[in-house]
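Taking it in order: structure first as structure tokens, then the write-up.
The values are calculated or read from the model by the stated rules, or taken from the named source; none is laboratory data. What you see is a predicted model; the values in this text were computed from it and never measured. We place every Cβ from the backbone using ideal geometry, glycine too, and count neighbours over all the protein chains shown. For the accessible areas, the whole protein counts, side chains as well, though only heavy atoms, and no ligand, DNA or RNA atoms are used. Shrake-Rupley method; radii C 1.70, N 1.55, O 1.52, S 1.80 Å.
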Amino acid sequence: MPPWTLAVAAMLAVQLANALSVSVVEQVGAGGTAWLRMSFGVIILWIIARPNFRSIRKQDIPALIVLGVVTGYMTLLFLEAIDRIPLGTAVSIEFLGPLTVAGIMSKNRKALVWPALAIVGVVLLTEPWQGQIDPVGVVFALSAGICWGLYNLLTQHVGDRFSGISGLSLTIPVAALATMPLGLPQLIHGEFTWWVLPAAAGIALITPVIAFGLEMLALRRMTHSAFGTLLSIEPAFGVLIGILILAQMPTWFQVLGIILVISAGAGAQRGGQRESKNLPLTELPLEAK
């Protein structure tokens, strides 16, 4: 399959999981929800892709640990954000992270103008003149964006080192451990009901298992610039899922802001598929083997 189809499917899965998580967050908090998602993700991943610990080299350990921590807190911080601000707005703010990474990674310094354009879009999205946006939610979304930018960089690195989604089966356990200090207390003191566990397990199957697995496979075959450009449509997916599942209707100013953010992402960089020489042998086209 073309790598862009994997990335688009992953984006839809991520936003669907985030929207479905809202009801769980109301019961056990953002930390509890993130920890449950990561924990169930470990169980599912280890059933379908048992990690080969013997394949880990000493130099792989820092990247695996950092990616695991970043993955866990990217999820936790974003759930904190959507507990306070609309999903589409949170995604657009969070998108500043990977968009800035795409600009920095570009050889063309003029590409940094695109994050600036996206910031204008975010201002329109948050409508600070209305005085209704939750600034704490904005901070959480920005923090999640920093994690998102680091996640994209590290996912490609780990994906190049480990075949299939075996890298994911090594990093999600780290994510579960990293979010446990915040997640477990919220879970214990939350309004726990019987449906929370099966709901969290179902969401975990969508994200992190399916979505992050598809992202890892896509990033192994795409440049950061190409992937960052493709990510420009994710705020639109966030708005669409927010309308369909959460009934969050944006204002006209917010629609304009989303258009600016998407335009900035599309214009940030144009890239293509990664050179096959950068891929493990198992990922080379048949004619190149």
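Structure above, values below:
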{"item": "Selection from the range 149-196 of residues that are without any contact (Cβ under 8 Å) to a residue 40 or more places away in the chain and not β-branched (Val, Ile, Thr)", "result": "181, 189, 194, 195"}
{"item": "Unique residue being buried (at least 22 other Cβ atoms within 10 Å of the Cβ), over 23 Å from residue 190 (Cα atoms) and touching a residue at least 40 places away in the same chain (Cβ under 8 Å) when the list is 29, 68", "result": "68"}
{"item": "Scan of the range 54-92 for residues that are more than 21 Å from residue 37 (Cβ to Cβ) and not small (Gly, Ala, Ser), ordered by number", "result": "54, 56, 57, 58, 59, 60, 61, 62, 89"}
{"item": "Failed condition for residue 37, given (1) of a type in the set (Lys, Arg); (2) within 20 Å of residue 20 (Cβ to Cβ); (3) open to solvent by 10 Å² or more (accessible area, probe 1.4 Å)", "result": "(3)"}
{"item": "Flag for residue 12 being open to solvent by 40 Å² or more (accessible area, probe 1.4 Å) and of a type in the set (A, V, I, L, M, F, W, C)", "result": "yes"}
{"item": "Scan of the range 189-245 for residues that are β-branched (Val, Ile, Thr) and in contact with a Gly (Cβ under 9 Å, 6 or more places away or on another chain), ordered by number", "result": "196, 207, 209, 223, 229, 233, 239, 241, 243"}
{"item": "Residue satisfying condition, being open to solvent by 40 Å² or more (accessible area, probe 1.4 Å) and at pLDDT 90 or above, within set 160, 83", "result": "83"}
{"item": "Complete set of residues in the range 153-167 that are in a helix (DSSP H, G or I) and either in contact with a Pro (Cβ under 8 Å, 6 or more places away or on another chain) or hydroxyl-bearing (Ser, Thr, Tyr) (or both)", "result": "155, 160, 166"}
{"item": "Odd one out for residue 22, checked against (1) open to solvent by 10 Å² or more (accessible area, probe 1.4 Å); (2) in contact (Cβ under 8 Å) with a residue 40 or more places away in the chain; (3) closer than 18 Å to residue 216 by Cβ", "result": "(3)"}
{"item": "Qualifying residue in the range 206-226 (condition: in contact (Cβ under 8 Å) with a residue 12 or more places away in the chain and over 24 Å from residue 160 (Cα atoms))", "result": "no"}
{"item": "Hey, residue 17 assigned to a helix (DSSP H, G or I), farther than 20 Å from residue 179 by Cα and modelled with pLDDT of 95 or more or not", "result": "no"}
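For every residue, the table says whether it meets (1) outside any helix (DSSP H, G or I); (2) in contact with a strand residue (DSSP E or B) (Cβ under 6 Å, 6 or more places away or on another chain); (3) within 16 Å of residue 95 (Cα to Cα).
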site	(1), (2), (3)
207	no, no, no
214	no, no, no
230	no, no, yes
233	no, no, yes
245	no, no, no
248	yes, no, no
262	no, no, yes
